[in-house]
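Have a look at the structure below, then the notes.
The values are calculated or read from the model by the stated rules, or taken from the named source; none is laboratory data. Note that this is a predicted model, so its numbers are computed, not measured. Note that each Cβ is placed from the backbone with ideal geometry, even for glycine, and that neighbours are counted across all protein chains shown. We work out accessible area using only protein heavy atoms, side chains counted, and drop any ligands, DNA or RNA first. Shrake-Rupley method; radii C 1.70, N 1.55, O 1.52, S 1.80 Å.
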Amino acid sequence: MLNAVELLRDAATLTDSVRLVDRILRAGLLMRASDAHFDPMPSGVRVRFRIDGMLEEVFTIPPSMASGVTSRLKVLSSLDIAEKRAPQDGGFSWRMIGSQHNSLDVRMATLPVRHGERITLRLLESGGRRLGIDDLGFSPSHKAMFIKALTNPQGLVLLTGPTGSGKTTTLYAAINYLLSLSPKNILTVEDPIEYEISGVAQAEVDSSDKVNFTKALKSLLRHDPDVVMIGEIRDGASLDAAVKASLTGHLVLSTLHSGSAKGALTRLVDMGLDAPLATSTLNMAVAQRLVRRLCPVCGGKKRSCEGASVCHECAGRGYKGRVGLFELYSPALGIETSMTDDAREKIASGVTSELEVARVMGED
């Protein structure tokens, strides 16, 4: 089987848009890309992959192939090929030819720009092993605190952090952990559903507003849940529904926009929740960021110890994979940890580097 570099080199010789799209998707899967960006430019369409949070230019589609590639992706996503002046979004499932396991769930969004239509693909590997709590990067003490909050039968557990910081992955890991303890009725409302979880009823918000977070949560509570996961608490109405659920014997997991773990409490009050009620309802807030892991082979030196000029494990990046930096806050349990301290520990143990932490956290 061709590796990613060979696939992209081979793609440069293709004149068939169907085969070209297949090559790009195969390369994205092999390179563990989370997103693929197609940027139309006068010289062609620049293709970039986001790998471990960083954008890398990997290919340029010639102008003669640009329209065919766009049309092919639109057909796969069931979008209107003739519509070129309005944004569209859709998705499709894709499987690598000759493999029963390597497949992707792809979400696609288009945007008309000066030189054509910009396309972004979110690449979600399907059928693979889902991350558990042990895979996230919690220190032993943080893991114990997080599990203690999860095993409370009611209350709010909130994940905070910027887009792309891994909040949804942590929520899914928490749900899988709860499922492993004992049979539970777990229901979710998400926008969109990123991964299907066996044994969990997952509802998706729709664009027509027939199903939104508030309506769905009210409906979910009629289905006798033990645990409810809300993709995001985004307004006063969804907050009110989440708090009422947590006060009536349900554990509610969700995300919230806040700069820090302790700031989640302030954010709840700013959204209209009474301060004493916010304090008593919040089991735990977890703030997180993702940093790249130093390559396990070259340790960030980008060259392998066998003397090769480029480390084959990390393709000369010096990093492979990502790990979370966390801070936890719980007014009920009297817990308040520091993300800076967590970063220092991971640097000292060789998990990541000072430069990477500074890049992500914006600190010296």
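The table below gives the values:
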read-out	value
Every residue from region 211-226 that is of a type in the set (Val, Ile, Thr) and either part of a loop (DSSP other than H, G, I, E, B) or modelled with pLDDT of 90 or more (or both)	211
Qualifying residue in region 227-238 (condition: outside any helix (DSSP H, G or I), in contact with an Asp or Glu (Cβ under 6 Å, 6 or more places away or on another chain) and of a type outside the set (Phe, Trp, Tyr))	yes
Of residues in region 156-168 being open to solvent by 20 Å² or more (accessible area, probe 1.4 Å) and hydroxyl-bearing (Ser, Thr, Tyr), the one nearest to residue 246 (Cα to Cα)	168
Total residues in region 155-202, condition in a loop (DSSP other than H, G, I, E, B) and under 25 Å from residue 34 (Cβ atoms)	15
Pick from region 101-141, criterion touching a residue at least 60 places away in the same chain (Cβ under 8 Å) and at positive phi, ranking: farthest from the chain's Cα centre (by Cα)	116
Any hit, region 267-288, residues being aliphatic (A, V, I, L, M), touching a strand residue (DSSP E or B) at 6+ places or on another chain (Cβ under 8 Å) and open to solvent by 10 Å² or more (accessible area, probe 1.4 Å)	no
Matching option when the condition is small (Gly, Ala, Ser), under 13 Å from the mean Cα position of the chain (by Cα) and more than 26 Å from residue 70 (Cα to Cα), among 144, 149, 173	173
Strands (runs of 3 or more DSSP E) enclosed by region 50-130 - at least 3 residues per element that are open to solvent by less than 20 Å² (accessible area, probe 1.4 Å)	103-113, 116-126
Some residue of region 250-266 being over 30 Å from residue 192 (Cβ atoms), among the β-branched types (Val, Ile, Thr), open to solvent by 30 Å² or more (accessible area, probe 1.4 Å) and in contact with a Ser or Thr (Cβ under 9 Å, 6 or more places away or on another chain)	no
Residue among 10, 22 that is closer than 17 Å to residue 97 by Cα, in contact (Cβ under 8 Å) with a residue 40 or more places away in the chain and part of a helix (DSSP H, G or I)	22
Criterion (open to solvent by 50 Å² or more (accessible area, probe 1.4 Å), at pLDDT 95 or above and closer than 20 Å to residue 131 by Cβ) met by exactly one of 322, 359, 344	322
Single residue of region 142-155 satisfying the filter (under 15 Å from residue 178 (Cβ atoms) and touching a residue at least 40 places away in the same chain (Cβ under 8 Å)) that is surrounded by the fewest Cβ atoms within 10 Å (Cβ to Cβ)	153
